[in-house]
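Enquirer: Take this structure, written in C-alpha cells, and hold onto it; I'll ask about it next.
The values are calculated or read from the model by the stated rules, or taken from the named source; none is laboratory data. Here the structure is a predicted model, which means the values were calculated and not measured. Reconstructed Cβ throughout: ideal geometry from the backbone, glycine too, with neighbour counts over all protein chains shown. Surface areas here come from the heavy atoms of the whole protein model, side chains and all, with no ligands, DNA or RNA. Shrake-Rupley method; radii C 1.70, N 1.55, O 1.52, S 1.80 Å.
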Amino acid sequence: MKVGTAHKISNMLLSGLAGVASFVFSLYAFITITQLPQQITAALVAGAFCLVVCYIAAERPNSEGARALAALRDRLLAVEEGDLTSPAPESVRRVMPKVAAAVDSLFAEVRSSIDNAQALGMYDPVTSLPNRLNFRAEAERSLAKPEGRSAAMLFIDLDRFKAVNDSLGHARGDQLLIMVANRLRVLINSEAAASARRSLLARLAGDEFTLLFPDVSTAEAERIARRVVLAIGEPFELHGHSIDVGASVGLALAPDHGRSVEELMRAADISMYRAKARGGHQHCLFSDALAQEHQHRLDTEKALADAVQRDEFSLVLQPQLSLGSGAVTGAEALLRWNHPTLGAVPPTYFIGIAEQTGVINDIGDWVMAEVAAMLACWDEHGGGSRRVSFNVSPRQLERQDFFPRLRQIFGDAGVALDRIEVEITETTAMECSKATLADIAELRREGATIALDDFGTGYSNIARLRQLPIDRVKLDQSLIHDITSSEQARNVVQAVIQLVRGVECELVAEAVETVAQADILRTMGCETIQGFVFAEPMIERDFLAWTSHAVSEGRSAA
C-alpha cells in the first residue's frame, strides 16, 4: 500500500473514532446532566475534543513532510563536506520516495562526472597513459621513497612522427601513438617482472613519452634506454603501411643529475635533444658538458634577441676573383657578431641557434638592409658596379613575405636586383617547395643572381639540380681542401666541375688558401674563386681600398 493512501486511511479512522467518542460523551452528558447550561458546556467540550482530534489527523502528514524536508536539507548541506556517497535519509524515502530516488540518482551522476573529469585531468585521452600532471605527482612520491633516491628518468621523442601525421592524417597518427604506448607498456612490464620495481610511464604531449625507473644503476638505465630505442625502432604495421619512426631517448639519473622531478625532467630533455641532433634512433646520457652547452645556448639565445637592437652585428666583405682575367667580379657579405664580452664572433657560433629560435629572420632583414645601403652608397660615390652576395636561411624562405620584403628593401634603397646574389645552401634547395622555387625563379627573372652554396655537403638530386633556377654553384671547401695532395680529391672536383657545366652554371670555389690550389682549379676550368689566397674578409672601407689597388695593379689570383 502506498504511503499517501495509508495516511488517508489512518486519518479517516482517527477522525471517525473522534466522532464516535464525541457522540458517546454527549449522549452520556444528556442522560446524566439535567441542567441546560451544564449540558451545553458538555456539548462544547465534546465538539472541541472532536475538532482537536481532526486537526491532529490533518496536520500529522504535514509534520512528517517537514521533518523529511529538514532531513533532506541536512543531506544536501553535507555535500559541502564532500559527502557524495550517503543515500537520501530514510524519512525522505518514507514520505517522498520519488524525491529520494531523484536525489540518489543526482548524486550518482555527480560522482560519475567527477570521476570522468579526474580521468580527463590525469590521463591522456588517446593512449590512456598518465599525463604530465599525473606523472609529476607520482614521480615526486616515488623519488621521496628510499628506493627512489637512485632512479633513472627517460625522455622519449619520436623521430619522424610529424611525417606520419602529414601523410596519413592525425587519426592514423593517434593510432600510431597508441601502438607506441603499448610497446612501452610491454617493456616496463617485463622490466617490472624481472626486478619487482614499480616503474612509471606517461605521455607528456604530442609524440613525447617519459619513463621513471627507481633503484637502477647507470648500466641498467642505459640498457633500458637501448631497449626503448630498439622497441620503437621496429616497424609499425598501420592500415597496410609499414611505418618506421624511431626514437631519440634522453637519460638522466638521480641523484647525479638532479634530485627533484623538475631537475631530472630538464636534464633528460636536454639529453633527448642531443640524441636527436646526432640523427635520432639512439639514446644520450646527460653530462656536465651537456649542461654547459645548454647554458651556453640559453645565454646565446638571450644575447641574440637583443643583438639587432643593440647594433652588435656587422658585415665584412670577401672578394671574388675571376681566374681568367684576375678581375674582382664581386664580393660575399659575411656576417659578424660583435659580442660585448666575446668580441668578434663568427657565424658558425650562432647561426644555428638563430635559425632554431627564429631570430634569423630579424638578422636576415638587417643583412639585406645593410647590403642595400652599401650598394646605394657605392652607386652614389662611384664605387663600381660589382655584385654582392649574401646568404639566406631556410627559415627566411619559409616566410610568405620574404620575397616582397627583399624587393621592398632594395627598391627603397634604389638598388637594382642585378646587383645582388642570393645564396641558398644545397640542402635548402633540394627541400624547397614548388612555390618557393617559383618565387626564386621570379626573382631571378627580375635580375638577381641565384647561387647554390656549400655544394658537395648535401644530398643532391641530379635531376632536380637541372630544374633549379640557379646561376652559380659554389664548391664547399671540404671538396678542394686536399686537391694538391690527393688524386682522388682532384678527380671528384673535376667530376663536379663537369656536372656544373652540364647544367650551364658558373662555378665558384670557396676557401681557396694556396696558389697551388688556385692553379689546379684554373686548369680544371673553374671560373671564379674566393679565399685567403688573395684576400681575407674585410670591412667595407678596406674592401674598397683593396679593390681599387687591385684594379690599378692588374692583380691576378695567381
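Residues checked against (1) open to solvent by 60 Å² or more (accessible area, probe 1.4 Å); (2) at pLDDT below 90; (3) within 43 Å of the chain's Cα centre (by Cα); (4) more than 25 Å from ALA435 (Cβ to Cβ):
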position	(1), (2), (3), (4)
GLY458	no, yes, yes, no
ILE462	yes, yes, yes, no
LEU465	no, yes, yes, no
LEU468	no, no, yes, no
ARG472	no, no, yes, no
LEU479	no, no, yes, yes
THR484	yes, no, no, yes
GLN488	yes, no, no, yes
ASN491	yes, no, no, yes
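Enquirer: Report every pair of residues separated by at least 6 positions or lying on different chains whose Cβ atoms are under 8 Å apart, first residue within the range 326-339 and in contact (Cβ under 8 Å) with a residue 60 or more places away in the chain, second open to solvent by less than 20 Å² (accessible area, probe 1.4 Å) and hydroxyl-bearing (Ser, Thr, Tyr).
Expert: Listed pairs, sorted by first residue: VAL328/THR547; THR329/THR528; GLY330/SER389; ALA331/SER389; GLU332/SER389.
Enquirer: Here are the criteria: (1) open to solvent by 20 Å² or more (accessible area, probe 1.4 Å); (2) under 21 Å from ARG387 (Cα atoms). Tell me which single one VAL503 does not satisfy.
Expert: The failed condition is (2).
Enquirer: Limited to the range 238-264, what total is found for residues that are open to solvent by less than 40 Å² (accessible area, probe 1.4 Å), within 19 Å of ALA181 (Cα to Cα), outside any loop (DSSP other than H, G, I, E, B) and not polar (S, T, N, Q)?
Expert: 6
Enquirer: Out of (1) open to solvent by less than 50 Å² (accessible area, probe 1.4 Å); (2) closer than 19 Å to MET538 by Cα; (3) touching a helix residue (DSSP H, G or I) at 6+ places or on another chain (Cβ under 9 Å); (4) in a helix (DSSP H, G or I), the odd one out for LEU335 is which?
Expert: That leaves (4) as the condition not met.
Enquirer: Here's a follow-up. Has the range 165-178 got any residue that is open to solvent by 10 Å² or more (accessible area, probe 1.4 Å), free of Cβ contacts under 8 Å to residues at least 12 places away in the same chain and farther than 29 Å from GLY121 by Cα?
Expert: Yes, some residue in the range 165-178 is open to solvent by 10 Å² or more (accessible area, probe 1.4 Å), free of Cβ contacts under 8 Å to residues at least 12 places away in the same chain and farther than 29 Å from GLY121 by Cα.
Enquirer: Take the conditions more than 18 Å from the chain's Cα centre (by Cα) and closer than 21 Å to PRO235 by Cβ and apply them to LEU143. Does it pass?
Expert: Spelling it out, it is not the case that LEU143 is more than 18 Å from the chain's Cα centre (by Cα) and closer than 21 Å to PRO235 by Cβ.
Enquirer: Looking only at the range 204-223, filter to residues that are touching a strand residue (DSSP E or B) at 6+ places or on another chain (Cβ under 6 Å), of a type in the set (A, V, I, L, M) and within 27 Å of ALA163 (Cα to Cα); which one of those is modelled with the highest pLDDT?
Expert: Going through the qualifying residues, I end up with LEU211.
Enquirer: Restricting to the range 82-113, what's the tally of residues that are under 16 Å from ALA70 (Cβ atoms), open to solvent by less than 50 Å² (accessible area, probe 1.4 Å) and part of a helix (DSSP H, G or I)?
Expert: The total comes to 5.
Enquirer: Of the residues in the range 354-401, how many are assigned to a helix (DSSP H, G or I) and either within 18 Å of LEU417 (Cβ to Cβ) or open to solvent by 20 Å² or more (accessible area, probe 1.4 Å) (or both)?
Expert: The number of residues fulfilling the criteria is 28.
Enquirer: Among the listed residues SER248, SER322, SER271, SER242, identify the single one that is of a type outside the set (A, V, I, L, M, F, W, C) and closer than 28 Å to LYS145 by Cβ. Full working, then the answer.
Expert: Details: SER248 fails: closer than 28 Å to LYS145 by Cβ; SER322 fails: closer than 28 Å to LYS145 by Cβ; SER242 fails: closer than 28 Å to LYS145 by Cβ.
The conditions single out SER271.
Enquirer: Let me ask another. Is it fair to say VAL126 is modelled with pLDDT of 90 or more, over 24 Å from ILE270 (Cβ atoms) and surrounded by fewer than 18 Cβ atoms within 10 Å (Cβ to Cβ)?
Expert: In short, yes.
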